[in-house]
Amino acid sequence: QVQLVESGGGLVQAGGSLRLSCASSTRTFSSVAMGWFRQAPGKEREFVATINWSGGGTSYANSVKGRFTISRDSATNTVYLQMNSLKPEDTAAYSCAASRYSFTTRNENDYDYWGQGTQVTVSS
């Protein structure tokens, strides 16, 4: 069974940066798209970013476009989310997920495996 483990969350001031990592215990996800989603208290989970199997295609939510960058390293089986110019409204639990498809997708129903999440808190 694929296990995804996120790390890199924490407390940061507005305008700061964090880099989240998502590591897999297997190589199963090397041929599928990966995504990052977030959920703030009292809100529904929302899409943040996705990257296709090769890393050559990405897609972002409008709220993070230009500030966040998703990438993947097939050698280490790791997916990253570089978050710059963080805002208080970025505060949420961030989870990575592995899709059943090779292409990018924003639909959380297209993702079969999920990590436990890592908390990101941005203070004003």
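The values are calculated or read from the model by the stated rules, or taken from the named source; none is laboratory data. Model, not experiment: these values are computed from the prediction. For neighbour counting, all protein chains shown are included, and Cβ atoms are generated from backbone atoms with ideal geometry for every residue, glycine included. To get the accessible areas, we keep the full protein, side chains included, count just its heavy atoms, and leave off ligands, DNA and RNA. Shrake-Rupley method; radii C 1.70, N 1.55, O 1.52, S 1.80 Å.
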TODO: Output the residue which, of all residues in region 72-101 that are out of contact with any Lys or Arg (no Cβ under 7 Å at 6 or more places or on another chain), in a loop (DSSP other than H, G, I, E, B) and open to solvent by less than 50 Å² (accessible area, probe 1.4 Å), is nearest to residue 58 (Cα to Cα).
DONE: 86
Open item on the list: Tell me the residue from 19, 38, 67 that is of a type outside the set (Val, Ile, Thr), over 16 Å from residue 105 (Cβ atoms), modelled with pLDDT of 95 or more and surrounded by 19 or more Cβ atoms within 10 Å (Cβ to Cβ), please.
Closed with: 38
Task: Unmet criterion (only one of (1) touching a strand residue (DSSP E or B) at 6+ places or on another chain (Cβ under 8 Å); (2) modelled with pLDDT under 95) for residue 74 - done: (1)
- [ ] Go through region 41-62 residue by residue and tally those that are open to solvent by 60 Å² or more (accessible area, probe 1.4 Å), part of a loop (DSSP other than H, G, I, E, B) and more than 12 Å from residue 79 (Cα to Cα).
- [x] 7
Task: Qualifying residues in region 25-35 (those that are open to solvent by less than 20 Å² (accessible area, probe 1.4 Å) and not in a loop (DSSP other than H, G, I, E, B)) - the one nearest to residue 3 (Cα to Cα) - done: 29
Task: Qualifying residues in region 102-124 (those that are of a type outside the set (Gly, Ala, Ser), outside any strand (DSSP E or B) and farther than 15 Å from residue 70 by Cα) - the one modelled with the lowest pLDDT - done: 116
- [ ] Starting from residues that are within 15 Å of the chain's Cα centre (by Cα) and at pLDDT 95 or above, keep the ones in region 1-16 and report whichever is surrounded by the most Cβ atoms within 10 Å (Cβ to Cβ).
- [x] 6
